[in-house]
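The values are calculated or read from the model by the stated rules, or taken from the named source; none is laboratory data. None of the values given here were measured: they were computed from a predicted structure. Ideal geometry is used to build each Cβ from the backbone, glycine not excepted, and the neighbour counts take in all protein chains shown.
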Amino acid sequence: MSDYISLSQIPVIYHSLRKTFQAAKTKPIAWRRKQLLQLCRFAKENVRAIEECLFLDLGKPKQEALMSEIASSIDCALHAAENVEKWARPEFVTTSQPWQQAWNPRVEKHPKGVVLIISPWNLPFFLTILPLCGAIAAGCCALIKPSEITHHTSFFLAENLLKYVDPDAFKVCLGGIPETTRILELRWDHISYTGNSRVARIISAAAAKHLTPLTLELGGKSPAIVDSTANISISAKRILWSKVGNAGQTCVAVDYVMVEKSILPDLIESLKDAYESFFPNNGGALKSESYARIVSDLHFERLKDLLRQTDGEILFGGDWDSGHGQRQLEPTIVVGIKPGDMLMQEEIFGPILPIMAVENVGEAIAYLSTRPDSPLVVYIFSGSEQNIKKIITNTTSGNVTINDTIMQTSVKELPFGGVGESGYGRVFGQHTFDNFVYRRSITDIPYLNEPSSLGRYPPYTKESYEA
Ligand code: NAD
């Protein structure tokens, strides 16, 4: 693509960012706050253009674009602008030895330096702005590499972002694998990567050469466990919503459901009702303006293959529309799923919802313990405190959400992130900021202490040893 960065330009850009960082331009809090407010302005003044890009890339309905990408970016930048001073403040510690208190021991938070942000295609605007807010608040310079798959949004970022934030401190490079590979050869002070775990291994190997610390925001198969005490109709609505928003291409979407056998028929009925309430007109989701499309031919074919290969029964949905670059796949419920099914192997990342019936919550927990991957989220739909506690105690995941889906990501104060295959590092609010600073311990030991220090110096004698 002609707008991709040339390989020879990459080190030039890198060194210009280093120069800016060394000049300490990014360090004053007032400068950081101004950049964050500018980021906010960037999103606010370009709402229509961003919506248009997200529609061209993903067929994202305007309301979804506004809620999940633009308003959340504005909120994130504003929150960081309001709190940067507080986050950057030194933390004074209380020592266990009272005489050490006079040393004024504290932790200062210093910017790591020049950082790299690699963002994915599924929320291409928000998942670029979110880490950028952290990098700016921390006082870092940043190179941003958005996804080549969502070309319109990435191109828009490259063309417009630096009209708002300081172009000496921030750069956007468009490119695919060759460009990213060249970028990864350089020594970054932190890399924030959001995407899949296969590429995360490539990023980790490149980072290891320079001992570069990483934030890896990955995905995985997030289950929903529904027991017989759950409110079935609300649970069904909330589960299905996670699969229809962005056509299920969301890292925190429910990947599959494990439901107690006794309530399987009720859950299916409620899912059908929810579907009809979301897409009330003839033609359902495929004719609806409230439904996004699959991002690329590759992913479209991958999802259609899954439907061809599953041994489960497609209960409803399963149609698609390939016309006029539509790539729309109907929300599809598949029942009769066994653990070895194709739908139970990799993260689905699309609007297909496999449902596996289990005897009880214990069987769902046992199944999760056989999987090699730890999910980003375990969703629990239950009114039983005992079952909720049992599931939390006996499973592993980055997050747990009870009786809803996706809404947990609106709590900025909670650290969001994965564990094991779903990644490491945490984001949102101060947690994003924390990724881009290093904690520097400072002690300031007065000369006045010298008389009491003499015992530590050589020559060591029998008397000094016994003293
Ligand atoms: P993607 O294909 O856009 O890849 C992400 C980035 O990796 C892009 O910038 C791309 O250029 C780069 N990349 C791709 N191949 C590369 C290679 N060989 N070498 C170097 N860089 C390369 O996005 P994706 O990975 O398909 O995104 C979907 C995944 O992201 C899902 O697994 C989803 O669950 C996960 N995700 C996680 C979160 C989270 O916050 N935890 C958020 C969104 C998405």
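Number of residues in the range 82-125 that are aliphatic (A, V, I, L, M), under 31 Å from the mean Cα position of the chain (by Cα) and either outside the structural domain of residue 197 (by the TED database) or away from the ligand (no atom under 16 Å from the Cβ) (or both) equals 4. When 77, 30, 49 are screened for being part of a helix (DSSP H, G or I) and within 23 Å of the chain's Cα centre (by Cα), only 77 passes. Look at (1) without any contact (Cβ under 8 Å) to a residue 12 or more places away in the chain; (2) touching a strand residue (DSSP E or B) at 6+ places or on another chain (Cβ under 8 Å) and you find that residue 48 fails only one, number (2). Only one of the listed residues (445, 380, 392) is surrounded by 20 or more Cβ atoms within 10 Å (Cβ to Cβ) and either more than 16 Å from the ligand (Cβ to nearest atom) or among the aromatic types (Phe, Trp, Tyr) (or both). That residue is 380. Quick check: anything in the range 410-421 part of a strand (DSSP E or B), aromatic (Phe, Trp, Tyr) and closer than 24 Å to residue 100 by Cβ? No, every residue in the range 410-421 fails to be part of a strand (DSSP E or B), aromatic (Phe, Trp, Tyr) and closer than 24 Å to residue 100 by Cβ. Look at (1) assigned to a helix (DSSP H, G or I); (2) under 29 Å from residue 45 (Cβ atoms); (3) near the ligand (Cβ under 10 Å from one of its atoms); (4) out of contact with any Leu (no Cβ under 8 Å at 6 or more places or on another chain) and you find that residue 154 fails only one, number (4).
When the range 363-406 is filtered for residues that are among the small types (Gly, Ala, Ser), out of contact with any Leu (no Cβ under 8 Å at 6 or more places or on another chain) and either more than 17 Å from residue 226 (Cβ to Cβ) or touching a residue at least 12 places away in the same chain (Cβ under 8 Å) (or both), the ones remaining, listed by number, are 364, 369, 374, 382, 383, 384. Quick test of your reading of the structure: residue 198 fulfils all but one of (1) of a type outside the set (A, V, I, L, M); (2) near the ligand (Cβ under 10 Å from one of its atoms); (3) surrounded by 20 or more Cβ atoms within 10 Å (Cβ to Cβ). Name the failing condition by number. The one condition residue 198 does not meet is (3). Residue selection: residue 211 fails the criterion of being touching a Phe, Trp or Tyr at 6+ places or on another chain (Cβ under 7 Å) and not in a helix (DSSP H, G or I).
Of 259, 244, 254, which residue is of a type in the set (Val, Ile, Thr), in a loop (DSSP other than H, G, I, E, B) and not assigned by the TED database to the domain that holds residue 123? Only one candidate qualifies: 254.
When residue 162 is tested against (1) more than 13 Å from the ligand (Cβ to nearest atom); (2) more than 19 Å from residue 12 (Cβ to Cβ); (3) of a type outside the set (Phe, Trp, Tyr); (4) surrounded by fewer than 19 Cβ atoms within 10 Å (Cβ to Cβ), just one condition goes unmet, and that condition is (2). Considering the range 171-180 alone, what residues qualify as being touching a residue at least 12 places away in the same chain (Cβ under 8 Å) and over 13 Å from residue 14 (Cβ atoms)? Matches in the range 171-180: 172, 174, 175, 176, 178, 180.
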